[in-house]
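Notes to accompany the following structure.
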Amino acid sequence: MEFLTKYCLPILTALLLILFYLQLPDLRRCATDDAGRERFRLGRADALIMAVISLLYAAAAFYRLGNTESPQTFVNMEGRSAEIELDPKSGGAVRLMIFEGVGIGEYSVTCTQDGGRTWHEVVKIEQSHADVLKWHEIALCADVSGGTIAISGTGNVWLGEVVALDAGGDVIPAKSSAPGLCDEQSLCPDRQTFMNSTYFDEIYHARTAWEHMNNVYPYEITHPPLGKLIISIGIAIFGMTPFGWRFSGTFFGVLMLPVMYVFAKKLFGGRAVPTACMLVFASDFMHYVQTRIATIDTYAVFFILQMYLFMYLFVSGGKWRDLALSGIFFGIGAASKWTCLYAGAGLAVIWLIWVLVQTGRGNMDMKKFWKLAGFCLIFFVLIPCVIYYLSYYPYGRARNAAIFSRDYLRIVLDNQTYMFNYHSGVTAEHPYSSRWYQWILDIRPILYYLEYFDDGTHSSFGAFVNPALCWGGLLSLFVLIYMALFRRDKRAGFLLIAYFAQLIPWMFITRITFEYHYFPCAAFLVLTVGYVFNLMRQNEKHWELYVSGFTALSMALFVLFYPALSGRPVAANGLLSWLPTWPF
């Protein structure tokens, strides 16, 4: 029974995927180009499909994304002491709930019950970089009945709220000498959770977004600024709340779905295959989890999809404006995260192959080549450099450096050196780190959150790829390799370059890496699976049944693993621990 519980579902999934790929037609007879360009044009039916799926996904993605209310006023405690007067009619305070803002330092809590004649130290708290934008529970060494509590800070420590609680967990009414320190007492939670506090790298990126908005030079400068600026848009709309700092990423996650549909439409035509691709992407674990955390990977993947979509439009007979848009999205992506540079290298390979093919066909002379090369220098070098340079505006503003000043230029150049040295010299370890060869088999998810409850249940979620997509996509890659090498299929070659441009660089990186670094590859795995769907459509009578079955399997696994993707409390069971390395 234990064997069936733990291994029945993964074995069944693997068998279903093998059965699916056994239905592939004879690849030697498959067409490598689809006739009838009308099938590749977007219409009203396509718009309706995209709208319906996007809205349904958005409902699931924004559900329990995070609290919409959180302390909004922060007090800088550097070299400052604030007194908090407790209601003398209430019970004694046995613990404090403190919402810590940005900054690193220390603060101490003292109390007096004789009008300030005698002060007793209650506790000292160190606030590290990992403690920002979180609720922390502080146990007091003794009951503090009535009187006054004082908090003194050293270092650049910001506090959002201080709440005193009695033994029953009730809030003790209080007022503070520092405006904003005790003005949002009703927001105090029972405990720290992902719904009310930061988790994983949100401690860096949500914080940086707040610092950009408040003209503070950022603490985290290991990535370009644009991704954090996009995060700040959600904060500007919904406040400095978990929902606010996660909104932009989730919204971009929703936008990825119609982009995927359009990409599949332009690659394969029709509506069935693009719809299946969109649903497979919507039910991918990595896509769901990674776009709901306030980090910058979402924006990198979104812009990578856009730059490859427009490059495909160009090389498949499009106009130079498509090439220009590809370059612009490359620039925006690079200003969000350096991993987009890997994607840029893939674009360069595709462009070079296209130029060589056009030259071989007599469609490219030297005059046209130099004109095209100059065009690309503008849109893939000059404009991206301008976008990248301007994205550092918050850094310059915090240092009072004008955009076109020498000081601003020095800030930008120094940060490039710092980022390179940082990423090349990372020696940290992590219990959920993994290597590229583990990503392609879904061996080691990264656990973002884990909390145990008294009733025996637990709440957790992590980032990894839906097994149907991960394992099925891996099989699809072999199909594409055959079609590219032996059938000279341009679409297969294009998708292979797009996929391996994101993966190959990680094979040579020795620093700590995680499963979420596979996110860009996972997006292109969807299109490789779509390529197989298209082959079946061309040569198989019952292709709709097989494509629908694959899509249904992907969606069913999403439903099964939803607790491990959303933090929904569940009892421990073997259904979600398919491999010994899966921490659910």
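Sorted by packing (mean other beta-carbon atoms within 10 Å per residue), highest first, where do 531-539, 576-584 land?
Order by mean packing, descending: 531-539, 576-584.
With +1 on each Lys and Arg Cβ and -1 on each Asp and Glu Cβ, how big is the dipole of the chain about its Cα centre, in debye rounded to the nearest 20?
The calculated dipole for the chain is roughly 3480 debye.
Could you give the radius of gyration (one decimal) and Dmax (whole number) of the Cα atoms in segment 1-106, in Å?
29.9, 86
Treating the beta-carbon of each Lys and Arg as +1 and of each Asp and Glu as -1, no other charges, what is the dipole magnitude of segment 350-460 about its Cα centre, to the nearest 20 debye?
Once rounded to the nearest 20, the dipole reads 1020 debye.
Quick one: order Ser128, Ser54 from most to least accessible surface, probe 1.4 Å.
Descending accessible area places them as Ser128, Ser54.
So for segment 430-502, taking the charge dipole from beta-carbon charges (+1 Lys/Arg, -1 Asp/Glu), which of Ala501, Leu485, Gly462 sits furthest toward the positive end?
Working it through, the farthest residue towards the positive pole turns out to be Leu485.
Go through 309-316, 408-415, 519-526 and give me the packing order, highest mean Cβ count within 10 Å leading.
By packing density, highest mean first, the sequence is 519-526, 309-316, 408-415.
I'd like to know which of His430, Ala402, Ser476 lies farthest towards the positive end of the charge dipole of segment 384-476, counting +1 on Cβ of Lys and Arg and -1 on Cβ of Asp and Glu.
The Cα lying farthest towards the positive end belongs to Ala402.
Relative to the longest principal axis of the chain, what angle (0 to 90°, nearest 10) does the C-alpha long axis of helix 519-539 take?
Tilt relative to the chain: about 30 degrees.
Per residue of segment 220-231, in order, report the coupling 6.51 cos²θ - 1.76 cosθ + 1.60 (Karplus, θ = phi - 60°) as ³J(HN,Hα) in whole Hz, putting x for Gly and Pro.
My calculation for segment 220-231 gives 8, 10, 8, 9, x, x, 4, x, 5, 5, 5, 4 Hz in order.
Expressed as a whole percentage, what fraction of the accessible surface of the chain belongs to carbon and sulfur atoms when a 1.4 Å probe is rolled over the protein heavy atoms?
62
Give the peptides 433-446, 83-96 in descending order of average Cβ contacts within 10 Å, highest first.
433-446, 83-96
Just report the Cα centroid separation between segment 304-356 and segment 427-480, whole Å.
A separation of 29 Å, based on Cα centres.
In whole Å, largest first, what are the principal axis extents of the Cα atoms in segment 87-198?
The principal-axis extents, from largest down, are 37, 29, 26 Å.
With θ set to phi - 60° and the Karplus curve 6.51 cos²θ - 1.76 cosθ + 1.60, what are the ³J(HN,Hα) couplings of segment 400-407 in order, to the nearest whole Hz, using x for Gly and Pro?
Listing the rounded values in order: 6, 10, 5, 4, 9, 9, 5, 5 Hz.
State the answer as a single residue: which of Met260, Met311, Met240 lies farthest towards the positive end of the charge dipole of the chain, with beta carbon charges of +1 for Lys and Arg and -1 for Asp and Glu, about the Cα centre.
So the residue we want is Met311.
Could you state the orientation-averaged shadow area of the convex hull built on the Cα atoms of the chain, in nm² to one decimal?
Result: 30.3 nm².
Hey, got a sec? Which chymotrypsin sites (Phe, Trp or Tyr not before Pro) in segment 350-387 land in a DSSP loop and have at most 15 other Cβ atoms within 10 Å?
Loop-located and lightly packed - none at all.
Working with all protein chains in place, sort Arg191, Arg29 by solvent-accessible area computed with a 1.4 Å probe, largest first.
The residues order as Arg29, Arg191, largest area first.
When the helix-only estimate is applied to the chain (DSSP H runs of n ≥ 4, each -39,500 (n - 2.57), divided by the residue count), what is the mean residue ellipticity at 222 nm, nearest 500 deg cm²/dmol?
-16500 deg cm²/dmol
Excluding ligands, DNA and RNA, what is the solvent-accessible area per residue of the chain at a probe of 1.4 Å, expressed in Å²?
43
State which entries of Lys228/Lys337; Lys266/Lys368; Lys319/Lys371 exceed 20 angstrom in Cα-Cα distance in the structure shown.
Distance filter (> 20 Å) returns Lys266/Lys368.
What is the dipole size for segment 279-373, taken about its Cα centre, with +1 at each Lys and Arg Cβ and -1 at each Asp and Glu Cβ, in debye to the nearest 20?
Dipole magnitude for segment 279-373 comes out near 360 debye.
The values are calculated or read from the model by the stated rules, or taken from the named source; none is laboratory data. These numbers come from a predicted model, not from an experiment. Here the Cβ is made from the backbone with ideal geometry for all residues, glycine too, and neighbour counts use every protein chain on show. All accessible areas refer to the heavy atoms of the entire protein, side chains included, with ligands and DNA or RNA removed. Shrake-Rupley method; radii C 1.70, N 1.55, O 1.52, S 1.80 Å.
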